[in-house]
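Read the structure below first, then the notes.
The values are calculated or read from the model by the stated rules, or taken from the named source; none is laboratory data. Only a predicted model underlies this, so the values are computations on that prediction, with no experimental measurement involved. Note: ideal-geometry Cβ built from the backbone for every residue, glycine included; neighbour counts use all protein chains shown.
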């Protein structure tokens, strides 16, 4: 599977191009050894605040320290206003948005209920993603809810719902529709019908494309040296490039997640990225979730076909040459 190519995607083809029969269907959860999720007592029933887990910790040796300080709570008010389409009441101390990426997913419990957050810390992040059972499938966590917190408060709003295609063929070749992205909180002053968005995967380019209203490209997400959220140590980048018709600059990177850090960071410097922040975050986190599932299934497929063997937390892919390739699963 090609990873890292960043060419323009073609118009999405029909779903029959997804030729592989391999599907991602998580095992049914057992009634024992289930995760205990504790909701704070003062959290109202109608709140969109995500439930929390204790943050997972993993040693990651050998990663150079070049961490950038995350955006302060005060400055987040500016970026929250821009994302919501309202006039900012403050001027940020720095024009770039920097958020740590936290993963608090309990990966030993199946089906895996993904938990991701972006912020200065995992207890009060700026954005959060939580997975839940989809309406069309009782054994797949295919509904991803992306919420945004208003800085300085504990007020959460659902901004995007990402509905992953049921029985998604993760290892399919060609162009595959991954998810429908439904904008829940429209920008202030927006009139007319709401735009619809779809996230597609192209196995030829190794990238994801966000399509608007099925006719025009909006964003492209490229994986450069990055494979999975399960990787330890982490490395590589997830880049978000502008593919809308109104932006034709050579440097069209709107945002990126840098995994070459002790704590991966989302960095968004371009003002055009700040305006599309809700869509960018939802697209990035959905792509990261799906890419992690794909890497997991690929590893399991290699083992089941006798092309690899388990070795601790890794698999060793058997090659005709003397060297082996180690893949984290």
Contact list please: Cβ distance under 9 Å, first residue in the range 201-222 and without any contact (Cβ under 8 Å) to a residue 60 or more places away in the chain, second residue assigned to a strand (DSSP E or B) and surrounded by fewer than 20 Cβ atoms within 10 Å (Cβ to Cβ), pairs at least six apart or on different chains. 212/198
Could you tell me whether the range 55-62 includes any residue that is at pLDDT 95 or above and over 19 Å from residue 273 (Cα atoms)? no
Please work out which one of (1) under 30 Å from residue 88 (Cα atoms); (2) modelled with pLDDT under 90; (3) out of contact with any helix residue (DSSP H, G or I) (no Cβ under 7 Å at 6 or more places or on another chain) is the condition residue 247 fails and give its number. (3)
Apart from one, (1) surrounded by 14 or more Cβ atoms within 10 Å (Cβ to Cβ); (2) closer than 16 Å to residue 267 by Cα; (3) at pLDDT below 90 all hold for residue 66; the odd one out is (1)
I'd like to verify a number: residues in the range 216-240 that are surrounded by fewer than 21 Cβ atoms within 10 Å (Cβ to Cβ) and assigned to a strand (DSSP E or B), how many? 4
Taking the range 251-297 and keeping residues under 14 Å from residue 159 (Cα atoms) and part of a loop (DSSP other than H, G, I, E, B) leaves 276
Looking only at the range 94-126, count every residue that is without any contact (Cβ under 8 Å) to a residue 40 or more places away in the chain and farther than 23 Å from residue 155 by Cβ and tell me the total. 2
